[in-house]
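Everything below concerns the one structure shown next.
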Amino acid sequence: MVGLMNAFRWTWEWAVAAHDEGPEVADTIARLALHVGPHNLMRNEDVWSRDPQEAILASAYPLASWFASSWWRLHWEPLPPDGVSPTVEWRMAHELAAAGHGFVWPQVLFAADGQRMRIWAVASRPDARQSLRYLTGLERPTYVSLGDFGHGIEAFITATLERLDARGRRESDLRLLWDLVCEDRADSESAAYRRLEAEFGFEPDEAPELFMDEALRLWQIMGPSLSEVAAVYGKGTGGPTEIETLIQAAGLRGSPSDPRPPGATPASGRGSARPWEEAVEAARSVRAAIGNTEGRLEEDLLYDLLGIAACDVASWSPPAQRTKAVLAKPLSHGHYRFVPRRGHPTSRRFDLARLYSDYLLPEATRGAWLASSDLGTARQQYQKAFAAEFLCPIQALSAFLENDHSDVAIEEAAGHFGVSPLAVKALLANNAILAREMSDDYPRLHRHYPV
């Protein structure tokens with residue numbers, strides 16, 4: 001048995017079986033299993049014998065080919081924005097079943113968040129009319145590092161190519177495809193180009209040349225913050241042109257500050273905590289520094305932290321057409337031009353709190369620009385968790401509600417803290433006070449699976 005001992009690993013044992021899909025498929029028949037932490041996502045039972053099995057008998061070739069062709073999008077294309085269902089094209093690049101070739105693959109989905117790979121899995125229904133029923137499902141996504149994920153894929157593809165070599169099939173479409181991927185990975189400029197294509201939702205060399213010229217120009221201007229908005233302005237939209245319009249929009253000039261004493265800033269991006277855990281810690285530390293750990297955060301105090309004049313906010317109007325993201329453009333001497341996307345006071349308040357959390361991240365992490373969107377990247381998870389805890393501390397919220405979680409009580413709490421009822425419910429769910437709806441754990445994806 002061959003495999004890598006880490007959080008994401010394939011195991012395979014080569015076998016011989018008749019198959020009429022082509023010599024590469026037939027020569028790479030194996031007993032395959034995919035292990036994610038303690039979970040074997042290919043544990044199954046035969047519908048006839050009902051015997052549990054730890055591996056499936058299938059060809060590694062179509063699976064390796066799918067991973068090679070999807071390499072860049074798997075690593076850099078995030079989940080679609082909140083409220084947007086994944087397209088068929090997106091699913092073909094992120095769902096294992098797209099490997100096809102007539103094999104029954106498990107319902108497993110991969111989506112990176114910029115730091116880690118999130119993996120969902122759904123067990124087969126008891127009445128599934130297939131030759132195999134997969135027994136392992138994950139109630140919530142499992143996280144593995146992008147490094148572990150990439151190493152696991154690379155080991156599997158390499159083993160498949162070595163198997164073909166041993167069978168006298170040195171030349172194959174998989175070999176050509178993987179060589180191209182490796183060439184791009186070895187060249188920093190090519191790798192950056194491929195990443196940008198994937199973030200905007202394109203296959204390699206699919207994006208129009210003018211589109212990519214504009215995207216590369218924006219990358220030179222915005223740096224890593226472009227990654228936080230690219231997918232919401234991706235394929236099928238105005239793309240870089242819309243982002244440019246947002247950059248030029250009228251905004252609120254401000255000079256944000258961090259009230260925490262030097263050296264008291266919690267480490268961010270240290271890897272030992274999840275983004276939302278770091279965010280809650282940061283929100284509480286700022287609250288402690290301003291001497292308000294549980295009370296309502298008044299508008300003037302939020303504006304003071306951002307260095308924005310309250311009179312400017314009163315006279316500001318959002319863009320006529322609602323934007324898909326929120327940006328703060330760096331100006332000179334520590335100033336920014338903030339462009340919230342919404343004019344409603346509660347929504348604008350949340351937007352500004354998110355941008356403030358982005359400002360508190362080290363510039364080495366976020367780049368010079370501040371950027372918020374509805375994507376599920378680690379940076380956006382951080383922002384949402386910070387803004388929720390900063391505006392509506394969970395301990396204060398719990399005390400206010402006094403175990404009354406009715407819609408009326410939640411509405412009253414939302415009004416008291418100046419957030420939306422949806423934010424209150426999310427806070428309660430994130431802290432295991434309210435039951436989390438399954439749709440929160442399979443955002444816009446769960447309904448695609450027959451569970």
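Just need a number here: residues in the stretch 8-39 that are within 26 Å of the chain's Cα centre (by Cα) and buried (at least 16 other Cβ atoms within 10 Å of the Cβ).
Number satisfying all stated conditions: 7.
Taking the condition in the same structural domain as ALA97 (by TED's automatic domain parsing), over 30 Å from GLU199 (Cα atoms), modelled with pLDDT of 95 or more and not hydroxyl-bearing (Ser, Thr, Tyr), does LEU32 pass?
yes
Restricting to the stretch 28-47, name every residue that is under 22 Å from ALA7 (Cβ atoms) and not hydrophobic (A, V, I, L, M, F, W, C).
ARG31, HIS35, GLY37, PRO38, HIS39, ASN40, ARG43, ASN44
For the stretch 71-172, list the helices (runs of 4 or more DSSP H) that sit wholly inside it and hold at least 2 residues that are modelled with pLDDT of 90 or more, of a type outside the set (S, T, N, Q) and farther than 18 Å from ALA230 by Cβ; which are they?
The helices (runs of 4 or more DSSP H) meeting that bar are 88-94, 146-166.
Among the listed residues ALA26, ALA68, ALA58, which satisfies the condition of being outside any helix (DSSP H, G or I) and aliphatic (A, V, I, L, M)?
ALA58
Would it be correct to say that ALA399 is hydrophobic (A, V, I, L, M, F, W, C) and either within 21 Å of PRO275 (Cβ to Cβ) or at pLDDT 95 or above (or both)?
Considered against the rule, which asks whether it is hydrophobic (A, V, I, L, M, F, W, C) and either within 21 Å of PRO275 (Cβ to Cβ) or at pLDDT 95 or above (or both), ALA399 comes out as no.
Of the residues GLY263, GLY236, which single one is over 30 Å from PHE400 (Cα atoms), free of Cβ contacts under 8 Å to residues at least 12 places away in the same chain and not charged (D, E, K, R)?
The match here is GLY263.
Can you work out which of the residues in the stretch 330-382 that are assigned to a loop (DSSP other than H, G, I, E, B) and among the hydrophobic types (A, V, I, L, M, F, W, C) is surrounded by the most Cβ atoms within 10 Å (Cβ to Cβ)?
The residue in question is LEU375.
Of the residues ASP184, ASP205, ASP213, only one is in a helix (DSSP H, G or I) and either over 30 Å from TRP369 (Cα atoms) or without any contact (Cβ under 8 Å) to a residue 12 or more places away in the chain (or both); which?
ASP213
Restricting attention to the stretch 305-329, report how many residues are assigned to a loop (DSSP other than H, G, I, E, B), among the hydrophobic types (A, V, I, L, M, F, W, C), surrounded by 16 or more Cβ atoms within 10 Å (Cβ to Cβ) and at pLDDT below 90.
Looking only at that region, the number is 1.
Those residues that are within 14 Å of ARG296 (Cβ to Cβ) and under 31 Å from the mean Cα position of the chain (by Cα), I need them from the stretch 396-421; list them, please.
Matches in the stretch 396-421: ALA396, LEU397, ALA413, ALA414, GLY415, PHE417, GLY418, VAL419.
Could we say that GLN395 is part of a helix (DSSP H, G or I), surrounded by fewer than 24 Cβ atoms within 10 Å (Cβ to Cβ), out of contact with any Cys (no Cβ under 9 Å at 6 or more places or on another chain) and touching a residue at least 60 places away in the same chain (Cβ under 8 Å) here?
yes
For ARG194, indicate whether it is in the same structural domain as ALA30 (by TED's automatic domain parsing), surrounded by 12 or more Cβ atoms within 10 Å (Cβ to Cβ) and among the charged types (D, E, K, R).
For ARG194, the condition - in the same structural domain as ALA30 (by TED's automatic domain parsing), surrounded by 12 or more Cβ atoms within 10 Å (Cβ to Cβ) and among the charged types (D, E, K, R) - is not met.
Tell me which of these ASN44 doesn't satisfy, since it passes every other one: (1) assigned by TED's automatic domain parsing to the domain that holds TYR61; (2) modelled with pLDDT under 95; (3) surrounded by fewer than 19 Cβ atoms within 10 Å (Cβ to Cβ).
Of (1) assigned by TED's automatic domain parsing to the domain that holds TYR61; (2) modelled with pLDDT under 95; (3) surrounded by fewer than 19 Cβ atoms within 10 Å (Cβ to Cβ), only one is false for ASN44: (3).
Please verify whether LEU135 is more than 15 Å from the chain's Cα centre (by Cα), among the aliphatic types (A, V, I, L, M), surrounded by fewer than 19 Cβ atoms within 10 Å (Cβ to Cβ) and not assigned by TED's automatic domain parsing to the domain that holds TRP90, treating the condition exactly as stated.
no
The values are calculated or read from the model by the stated rules, or taken from the named source; none is laboratory data. In this text, all values refer to a predicted model and were calculated from it rather than measured experimentally. Counting neighbours? That spans all protein chains shown, and the Cβs are built from the backbone with ideal geometry, glycine included.
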